[in-house]
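Beneath this line is the structure, given in structure tokens, with notes to follow.
Since every read-out is calculated from the coordinates, none of them should be taken as a lab result. Note that the structure is a prediction, hence the values are computed from the model and not measured. Cβ sites come from the backbone with ideal geometry, for glycine too, and all protein chains shown count toward neighbours.
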Amino acid sequence: MGQREDQARGGKFMCGIVGYIGDRETLPIILDSLKRLEYRGYDSAGVALLGKDIYIKRTKGRIKDLENKINGTYIAKNFYLGIGHTRWATHGIPSDYNAHPHTDCSGEIVVVHNGIIENFDEIKKELVEKGHKFTSETDTEVIPHLIEECYNGDLLSSVMEAVKKLDGSFALAIFSKKEPDKIIAVRKDSPLIIGIGEDGNFLASDIPALLPYTKKVIIMEDGEVAVIKKEGIDIFNLDGEKLDKSVLEVSWSLEQSEKKGYKHFMLKEIMEEGEVLKEAIRGRIRNGRVFLPEIRDPHFFNNIKNIFLVACGTAYHAGMIGKYFLEDILHIPVRCEVASEFRYENPNVGKDSLLILISQSGETADTVASLRLGKKKGAKTLGIVNVVGSTVARESDEVLYIYAGPEIAVASTKAYVAQILVLLVLSIYIGKLHGAISPDFEGMLVESILKIGNLAEGILERSDEAKKIAEKLVNLRSVFYIGRLLDYPTALEGALKLKEISYIHAEGYPAGELKHGPLALIEKSVPTFAITTDERIVEKMVSNIKEVKAREGKVFSISREDFDEIRDISDETITIPRVHRYLAPILSVIPLQLIAYYTADMRGLDVDKPRNLAKSVTVE
């Protein structure tokens, strides 16, 4: 794969944008292109077409719901330009009125948007004071109104002026009835790709949407603005300087491009983790300090005497790590509970309790039941979820989204690392409110948090190290994972990943518990993964590794790079950078996820859909 083509792999993975201008019938192209982006996950969809008039249709639900809504209202009127959108909700619940496209007051400027506008509240307030009327809860709607406010008779320069006022990430497709010969596209931190056709030109947020129509593409870079016309394409920087862009010939098949060239969605999602970690903190760190603007009640965390984290599966392991953060910072009792047990207990939960529900889908049945039990007992409830508008999000008193984007593979990977990071940010936030964390300590943690995405990407670039270890697991029947403190939940998660997709028996144990039973099972054919990221327990882990080696067991270590004593006594070691112990679980789990993936793939298994499992467990 060429360097330019490889760049199309990166970027955000929420929502989908498509566009077309040319001589062909527009609506079928827009709808077909949207369908080719359905793998990205979405909760609503919409189209806008331009001919003599503007035609807009949008709906909550699937593209088939959009088609049903269009039937009976659409009459071909020589539409020659169109844009479409599939939305993964971030601001405002999934609904018809929050779906894209959005327009200005006149209905003549039309916009679709991927990403998040961080300063939309202040922009919206200013626009409302100037008389603009809003009809949705979205951050996106400020964009067409802002362009309307900036409009000077030239759409391109007006868009450039408007986007300079936006903070956050965005990919935009814009057209105006005032200038009906063009689509304006803008990219900042969210991908956009232009397709060059013989009877018109195309726009999309991902390559699959374009493949049936052209394999000649231009990949837009951050800070670029494109003017797409039927007869040609011009690209500028935000200062209005015209750019010379190269054209890429795509060699991917449609199936490959949906997975960004990766063999499976699980591998694609692991490889997105660096970007996910950056997205999870977007808008939550300002000037070296943690903020949670989503928390509506400023007194919500007052008078909390104990905290319960409740979750299932992988989210439960994230909760175990969150328990450590909260207890270490706040010095109050914190428990992490398996939701399927919690819902049947008589937990000591009351009005001075905070119940934190962690669920990727927000629909996990046991977690939802635990939420309702907590509310019944008078506890404050906070959801940490990925899916906007889900049951946990709707029914919790407050909600924090992890912004991981859709996870297609059943085995959760990128949502897990995002959950850990959001739990850390939450812990710092509550710690500040309770006076339990100093500005210096917060500043040090924030500095590390801002680097974590890049550090994760560095580990992902060394994926071959994981593949070499996976080759040694393919024919085994049992594996152990051990760790102490924050490395223990990582051991549990590493074991879960291996067992759920490779069907190899795997167990995670606190390393100090080896002599209380598991050592009886250690032999040549039963290797042990030892996770060591905390300098306080290096000596203890050295002793535990020696116990395994004394029984002829192989040891594969995931260790901080400066722990030479661990590397010296292990059979093989994958290192992670030196980071604060709070952040180490994010980095140390990445090699374990990759090892599980490569092992399952080498065994010829269906990695994305392991047997007997479902993505969202909506039954007990």
Of the listed peptides 120-129, 151-160, 211-220, what is their order by residue-averaged count of other C-beta atoms within 10 Å, with the highest listed first? 211-220, 151-160, 120-129
Can you give me the long-range amide H partners of Thr381? Hydrogens built in the peptide plane at 1.01 Å from N, cutoff under 5 Å, separation of 5 or more residues or another chain. Leu355, Asp397, Glu398
Say R0 is 35 Å: what FRET efficiency, to the nearest 0.05, do Asp568 and Lys467 get from their beta-carbon distance? 0.90
12 Å beta-carbon shell around Val548, net charge (K/R +1, D/E -1): +2
For Lys451, the aspartates and glutamates lying under 12 Å Cα to Cα, once residues fewer than eight places off in the same chain are dropped, come out as Glu275
Under unit Cβ charges (Lys, Arg +1; Asp, Glu -1), what dipole magnitude, rounded to 20 debye, does segment 3-258 have relative to its Cα centre? 700
Just report the Cα centroid separation between segment 468-509 and segment 98-118, whole Å. 46
Kindly provide the helix-only [θ] at 222 nm of the chain, computed as the sum of -39,500 (n - 2.57) over DSSP H runs of four or more divided by all residues, to the nearest 500 deg cm²/dmol? -10500 deg cm²/dmol
Total formal charge among the other residues, if their Cβ is under 15 angstrom from that of Ile321, Lys/Arg +1 and Asp/Glu -1: -2
Could you grab the relative contact order for the chain? Cα pairs under 8 Å, six or more apart, rounded to a whole percent. 11
In debye, nearest 20: dipole of segment 41-162 around its Cα centre with unit charges on the Cβ of K, R (+) and D, E (-)? 740
Out of Gly19, Leu34, Gly195, whose Cα points farthest toward the positive end of the dipole of the chain (charges: +1 Lys, Arg; -1 Asp, Glu; placed on Cβ)? Leu34
Output ordering of 579-585, 535-541 (per-residue mean of other Cβ within 10 Å, highest first) is 579-585, 535-541
Near the amide H of Glu224, under 5 Å away, which other amide H atoms are found, from residues 5 or more places off or on another chain, if H is placed in the peptide plane? Arg187
With an 8 Å Cα cut-off and a minimum separation of 6 or more residues, compute the relative contact order for segment 495-554 in percent. 35
Give me the net charge for the shell around Val290: Cβ to Cβ below 11 angstrom, other residues only, Lys and Arg +1, Asp and Glu -1. +3
Mind counting lysine pairs for me in segment 338-425? Cα separation below 28 Å, and the two need to be 8 or more apart along the chain or on different chains. 5
Cα-based shape type of segment 3-258, given that a ≥ b ≥ c are square roots of the gyration tensor eigenvalues and the cut on a/c is 1.5: rounded
Sort 553-565, 107-119 for me by packing, meaning the mean count of neighbouring Cβ atoms within 10 Å per residue, highest on top. 107-119, 553-565
Taking amide H positions as placed 1.01 Å from N in the peptide plane, with prolines and chain starts having none, which residues 5 or more places from Cys336, or on another chain, fall under 5 Å of its amide H? Leu309
Averaging over all projection directions, find the projected area of the Cα convex hull of the chain and quote it in nm² with one decimal place. 28.2
Segment 48-89: C-alpha gyration tensor shape, a/c 1.5 cut-off, then a/b vs b/c: oblate
With label points set 7 Å from each Cα along the Cα-to-Cβ direction at Tyr74 and Glu535, the distance between them in nm comes to 6.3
Among Thr59, Cys312, Ala185, whose Cα sits farthest toward the positive end of the charge dipole of the chain (+1 at Cβ of Lys/Arg, -1 at Cβ of Asp/Glu, about the Cα centre)? Cys312
Can you list the HN-Hα couplings for segment 532-538, worked out from phi with the Karplus curve (6.51, -1.76, 1.60; θ = phi - 60°), rounded to whole Hz and with x for Gly and Pro? 9, 10, 10, 4, 6, 10, 4
For segment 129-139, Karplus-derived ³J(HN,Hα) couplings (6.51, -1.76, 1.60; θ = phi - 60°; whole Hz; x for glycine and proline) come out as 4, 8, x, 6, 10, 10, 10, 9, 9, 7, 6
Kindly flag which residue pairs out of Lys229/Lys263; Lys182/Lys216; Lys35/Lys182 have an alpha-carbon separation exceeding 30 Å in this structure. Lys229/Lys263
Quick one: Karplus J couplings for segment 347-353, per residue in order, coefficients 6.51, -1.76, 1.60, θ = phi - 60°, nearest Hz, x for Gly and Pro? x, 7, 10, x, 5, 9, 9
I need the shape label for segment 266-460. Rule: rounded when a/c is under 1.5, else prolate if a/b > b/c, else oblate, with a, b, c from the alpha carbon gyration tensor. oblate
